[in-house]
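As structure tokens, the structure follows; a few thoughts come after it.
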Amino acid sequence: MLKRVSYLLALSGIALGALVTVRYGAIVIALAMALFIAPDFKGMRMIERVVPVALIVSLITIALALPRR
């Protein structure tokens with residue numbers, strides 16, 4: 001159930017980023033990724049944790065670095 005919610009959030013983040021603002025779209029996609037990996041995070045090996053966490057951090061960094069309008 002949680003993975004389906006994260007898929008829906010990711011799709012809405014893509015639409016939000018394309019239609020309204022990239023800043024909020026990136027934040028919503030980062031939230032969707034965090035929800036997607038949350039149930040399996042403890043069972044992952046260390047190297048398997050690095051890539052999703054790096055993607056989440058980079059999406060939030062992009063959202064913060066973009067200029068406000």
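Please rank Phe41, Phe36, fewest neighbouring Cβ atoms within 10 Å first, as an exposure proxy.
Numbers: Phe41 13, Phe36 18.
In increasing order of surrounding Cβ atoms, one gets Phe41, Phe36.
Return the label of the correct value of P(r) over Cα pairs in 5 Å bins from 0, in percent, as calculated from the structure shown, out of (i) 4, 19, 24, 23, 17, 9, 4, 1, 0; (ii) 3, 15, 26, 24, 18, 10, 3, 1, 0; (iii) 3, 17, 19, 17, 13, 10, 8, 6, 4, 2, 1, 0.
After the calculation, the listed value that fits is (i).
Are there any helices in the chain, counted as whole DSSP H runs, that stretch 27 Å or more along their axis by Cα and score at least 0.0 on average by Kyte-Doolittle, and if so which? Before the final figure, lay out each step's value.
Details: long enough: 46-65 (28 Å, 2.12).
Within the chain the helices that satisfy the rule are 46-65.
Cut-off 10 angstrom, C-alpha nodes, Gaussian network model of the chain. Which of Leu19, Leu59, Leu35 fluctuates the most?
It is Leu19.
Testing the spin-label approximation: label points 7 Å from Cα along Cα→Cβ at Ser12 and Ser58. State their distance in nm.
In this crude label model, Ser12 to Ser58 measures out at 2.6 nm.
Just Ile47, Ile29, Ile14 to compare: in a GNM of the chain, with alpha carbon springs under 10 Å, which one fluctuates most?
Its mean-square fluctuation being the largest, the pick is Ile47.
Rule-based calculations on the coordinates, nothing more; no lab input. Keep in mind that what you see is a predicted model, and the values were worked out from it rather than measured. FYI the Cβ positions are ideal-geometry reconstructions off the backbone, even for glycines, and counts take in every protein chain you see.
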